[in-house]
Amino acid sequence: MITCTRHLAARAMTSSSRSISHVTVIGGGLMGSGITQVAAQTGHKVTLVDLDQGILEKSKSRIEASLARVAKKKFGDDAAGSETFLKNTMSAISIATDAGSVVGETDLVIEAIVENLGVKHKLFKELDSKAPENVIFTSNTSSLSITDIASVTGRKDRFGGLHFFNPVPVMKLLEVVKTNELSGETLAALKSFGQKMGKVVVECSDTPGFIVNRLLVPNLAEAIRMVERGVATPKDVDTGMKLGAGHPMGPFALADYVGLDTVLFILQGWHEKYPEVELFQIPETLKKLVDEGKLGVKSGEGFYKY
């Protein structure tokens, strides 16, 4: 009993007093590479993990190009300062194709892989068996429940959400998502980590879409339904919201920018889990455009042509 008590006390002391210095980011896409870049340039050692070595090499090249732009803005004509900044930041980044082999030396895992609950479960179940008890797990999911993702692990008190926004080096906001089981020590550590990354941190409970997407996605869906009812055209709705509400872009331009397939995917997930919520109903126009391959800016056409 005394041994067990000492073990728990030691773990509590470690969790509350240890700062996050080594981060493992899983997923070499745009979000993963953006998170890696900002963590590295704010003094953290980062391991970027992806199953595909080619993706990792592309991610490192993307990060280096982005850092060059940051250095030019930060140091101007100071070539020596720029070179030192680039060298120090890139040297803080390592890559790996096996997440299980690197989590033993990390303080924090940030998952930024495909938005599929089954895939995330498989990943975290494996990592939970290999990572030391003090390692904090997080997901960058924008639409899935953190509680659901954490359910396959034995560290629910050390499992939270870190929802960054794209592009990560530019967007200042970070949503820190807390479940009912997340410990106060872990929450404090995650908020401190976000602040050290230079982000403006907001704290929210584990609800569909957290803060931003919970308000944003239903707003986009209602704008589409408004057009379906014949109230106004997409262009007039966008103009109204820009000039009447002070929004930088209207809901249709924003939906095209985000990707209509992404908006549909989020709504489908919410609608399946909460079929009775009217705001999560899927507009027919959205489904039709996605079926036709009209996904917005990335495909050249959505509600507008590009």
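Just a few scattered comments:
- Alpha carbon Rg of the stretch 100-158, scaled by the compact-globule rule 2.2 N^0.38 Å: 1.01
- Accessible surface of the stretch 211-306 [probe 1.4 Å, protein heavy atoms]: carbon and sulfur percent: 59
- What the Cα convex hull of the chain gives, in volume per residue, is 153 Å³.
- The candidates 50, 236, 291, 98, arranged from most to least accessible area with a 1.4 Å probe in the full protein assembly, appear as 291, 236, 98, 50.
- Under the combined filter of DSSP loop state and at most 13 neighbouring Cβ atoms within 10 Å, the stretch 70-127 retains none of its GluC sites (Glu not before Pro).
- Pairwise label distance in nanometres, residue 65 with residue 229, each label 7 Å out on the Cα-Cβ vector: 4.5
- Site pair residue 219 and residue 117 shows an inter-label distance of 2.7 nm when each label is modelled 7 Å from Cα along Cα→Cβ.
- Kirkwood-type radius of the stretch 137-186, with distances r between different C-alpha atoms, in Å: 11.3
- Given their separation in residues at 0.36 nm each and the Cα-Cα distance between them, residue 276 and residue 133 gain 47.6 nm when the chain is fully extended.
- In the stretch 180-244, the trypsin sites (Lys or Arg not before Pro) that fall in loop regions by DSSP, at most 11 other Cβ within 10 Å: 229
- Among the listed pairs 235/294; 172/242; 58/87; 120/287; 172/294, those beyond 20 Å (Cα-Cα): 172/242; 120/287; 172/294
- Sites residue 188 and residue 90, calculated FRET efficiency, Cβ-Cβ separation with R0 30 Å, nearest 0.05: 0.50
- Projected label points at residue 181 and residue 203, each 7 Å from Cα along the beta carbon direction, are separated by 2.0 nanometres.
The values are calculated or read from the model by the stated rules, or taken from the named source; none is laboratory data. Computed from a predicted structure; not experimentally measured. When we count neighbours, we look across all protein chains shown, and the Cβ atoms used for this are built from the backbone with ideal geometry, even at glycine. What goes into the accessible areas is simple: the full protein's heavy atoms, side chains included, and nothing from ligands, DNA or RNA. Shrake-Rupley method; radii C 1.70, N 1.55, O 1.52, S 1.80 Å.
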